[in-house]
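The values are calculated or read from the model by the stated rules, or taken from the named source; none is laboratory data. As the structure is a prediction and not an experimental result, all values here were calculated from the model. In this analysis, Cβ positions are derived from the backbone assuming ideal geometry, glycine residues included, and neighbour counts consider all displayed protein chains. All accessible areas refer to the heavy atoms of the entire protein, side chains included, with ligands and DNA or RNA removed. Shrake-Rupley method; radii C 1.70, N 1.55, O 1.52, S 1.80 Å.
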Amino acid sequence: LFTYKKLFRSKQWYQRRVRGDRTVRIWDANTTNCLWTIQHEALILGLSFSEESSLIAVCCDDKTSKIWDNRTYEEISTLTGHDNSVTCATQNGTMIATGSLDKTIRISDIRTGSLLLLLSGHTAAVSSLDVSTDGHKICSASWDKTVRVWDVHAGTYRTQGPRVMYEHEGCVSCCRFADNNEKIVSAGYDKTVIIWDALATKKRHQIRAHGSWINGVAMSRDSKWLLTCSKDRTIRMWNVSEADRMPVVLHNKLSMGYKFTECVDCSRTFKVEQRDLIETGEELTQCVYCRMPSREYYSVQMGTPRETATEPRTSEEVTQEA
């Protein structure tokens, strides 16, 4: 697993590599020099950097996660409590969340290792975790083919449960929040990438991205670019700001029976709904944005506060009316 984090998340530029020899190696991507090596007794399944890259969490198949200081190269703490291998972790401040083959998510204090929250609900192994930049929500991907969003700040999951998204047709291997927390990206064994509306927890786009299962995704800070890597031995970069124009997106929607056309005014590709054809009686040529009345229209039809306000009448005018 190779991850470059300068463009897509971290302030530092490190390359991290997990090997089958039970070591973690930290590399300087500028000089390609190995900075230091972590040796473990157990097989390493995942890694997580803190936002400032000062701490590294190493997930192991011996049911533990070990926290290392990236500056002093010393082990800070060992997190225990899972009943099976720890597969993934994500950090925010002093909080760390770990996922496991035991189907649970444990949120702990990263320094003391004390348990803060235990999240359960997945019916299969938890494969990936990510925390929003404000620390309020955690998204989790699982082999049960779902992505779940947990509001750990408000605690609504306690009474309402997490928000569950079901669109994947196979095990979900990875999920990530966009830096603005408005989108979630997930991918998995169905070879597709799904971009979700994080607030409404609804699918926005689906991309048939690779020829084999996808094991990693990352989104740029401005949410315009998406990076995916796959077992088909390719790494691909997508301009998701123009997702509606992607051939793979259009093909997927056309296969579902949707009809698309190009706006004659702004050249935006938009979906034509059947109800639009029934209501108008003719095929639409403008997208919804170009069909919206202008502000001047609303000013004339509705009247601005200044236009509709009634001027106070003088006593002479009142007397004359009487």
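Structure summary
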{"quantity": "Sulfur and carbon atoms: percent of accessible area, segment 188-227 [1.4 Å]", "calculated": "52"}
{"quantity": "³J(HN,Hα) computed for each position of segment 53-60 - Karplus, 6.51 cos²θ - 1.76 cosθ + 1.60, integer Hz, glycine/proline x", "calculated": "6, 8, 10, 10, 9, 10, 9, 10"}
{"quantity": "Built amide H within the under 5 Å cut-off of S128, gap 5+", "calculated": "A141"}
{"quantity": "Segment 198-238 - Rg and Dmax from Cα coordinates, angstrom", "calculated": "11.4, 34"}
{"quantity": "Estimated vicinal HN-Hα couplings, Hz - segment 38-51 in sequence order (Karplus 6.51, -1.76, 1.60; Gly, Pro = x)", "calculated": "9, 9, 10, 7, 9, 5, 9, 10, x, 9, 8, 8, 6, 4"}
{"quantity": "Ordering of 75-81, 115-121 by burial proxy (mean other Cβ atoms within 10 Å per residue, highest first)", "calculated": "75-81, 115-121"}
{"quantity": "Accessible area of H168 in the full protein assembly, 1.4 Å probe (Å², nearest 10)", "calculated": "10"}
{"quantity": "Low-density loop positions, trypsin sites (Lys or Arg not before Pro), segment 20-74 - DSSP coil, at most 13 other Cβ in 10 Å", "calculated": "R71"}
{"quantity": "Members of K103/K145; K203/K224; K103/K191 lying beyond 19 Å, as alpha-carbon distances in this model show", "calculated": "K103/K191"}
{"quantity": "Other-chain or far-sequence residues with amide H under 5 Å of C88's (modelled H)", "calculated": "G99"}
{"quantity": "Extension gain, L116 back to D197 (0.36 nm per residue minus Cα-Cα distance, nm)", "calculated": "26.4 nm"}
{"quantity": "Whole-number percent relative contact order across segment 34-94, with pairs defined as alpha carbons under 8 Å at least 6 apart", "calculated": "33"}
{"quantity": "³J(HN,Hα), Karplus 6.51/-1.76/1.60, whole Hz, each residue of segment 136-153, x for Gly, Pro", "calculated": "8, 10, 10, 9, 10, 10, 8, 6, 7, 6, 10, 10, 10, 10, 10, 8, 7, 7"}
{"quantity": "Long-range amide H partners of L35 with built H, under 5 Å", "calculated": "I26, W27, D28"}
{"quantity": "Loop sites in segment 99-163: trypsin sites (Lys or Arg not before Pro), DSSP, at most 12 other Cβ within 10 Å", "calculated": "R111"}
{"quantity": "Low-density loop cleavage sites - GluC sites (Glu not before Pro) in segment 153-190, where at most 15 other Cβ are within 10 Å (DSSP)", "calculated": "E169, E182"}
{"quantity": "Accessible area per residue in Å² at 1.4 Å probe, computed on segment 177-245", "calculated": "46"}
